[in-house]
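Below you'll find the structure, written out as structure tokens, and then a few comments.
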Amino acid sequence: MNYSVQQIKFECFSYIKEFGARMEDWVIGAASDPDSSLFGELALDRTDDIWMWKPALSPAAARAVIEFMTSRYRLERAWPTIGDTPARFVFMYRKRTVNA
């Protein structure tokens, strides 16, 4: 199932609300293979980190979500887009907190 721009934005806000933190504590990007990107290249932990990905209707839709979330809500952009382009999977994860 592919998701519209509005559906992905809703999912992003739902995660941020459920798992907390400031908007600046989240990173958003696009990938053609989100599993390899998140757990390989970015080295996220499947069980300990907070993450999600959603397939957008198109690469342009994925870019629209990312532009909206980074420009309006100050999420950090995972740059450059990871993997082959055009990438239509939008991913988002919460940065790890360092315990003092």
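The values are calculated or read from the model by the stated rules, or taken from the named source; none is laboratory data. Small disclaimer: the values here were computed from a predicted structure and weren't measured. Cβ coordinates were reconstructed from backbone atoms using ideal geometry, including for glycine residues, and neighbour counts include every protein chain displayed.
Counting just the residues of the range 37-57 that are assigned to a loop (DSSP other than H, G, I, E, B) and either aliphatic (A, V, I, L, M) or on the phi > 0 side of the Ramachandran plot (or both), which one comes out surrounded by the fewest Cβ atoms within 10 Å (Cβ to Cβ)?
43
Using the structure shown, decide if residue 70 is under 14 Å from the mean Cα position of the chain (by Cα), modelled with pLDDT of 95 or more and either more than 23 Å from residue 97 (Cα to Cα) or among the β-branched types (Val, Ile, Thr) (or both).
Criteria met by residue 70.
Can you find even one residue in the range 13-21 that is modelled with pLDDT of 95 or more, within 21 Å of residue 86 (Cβ to Cβ) and not aromatic (Phe, Trp, Tyr)?
For the range 13-21, residues modelled with pLDDT of 95 or more, within 21 Å of residue 86 (Cβ to Cβ) and not aromatic (Phe, Trp, Tyr): absent.
Looking at 89, 10, 19 in this structure, which one is over 13 Å from the mean Cα position of the chain (by Cα) and not polar (S, T, N, Q)?
Among 89, 10, 19, only 19 is over 13 Å from the mean Cα position of the chain (by Cα) and not polar (S, T, N, Q).
Restricting attention to the range 15-36, report how many residues are assigned to a helix (DSSP H, G or I) and surrounded by 12 or more Cβ atoms within 10 Å (Cβ to Cβ).
Total satisfying the criteria: 8.
Has the range 64-72 got any residue that is basic (Lys, Arg), closer than 12 Å to residue 93 by Cα and exposed (fewer than 12 other Cβ atoms within 10 Å of the Cβ)?
no
Does residue 36 meet the test of being of a type in the set (Ser, Thr, Tyr) and closer than 15 Å to residue 3 by Cα?
Here the answer is no, as residue 36 does not meet what is asked.
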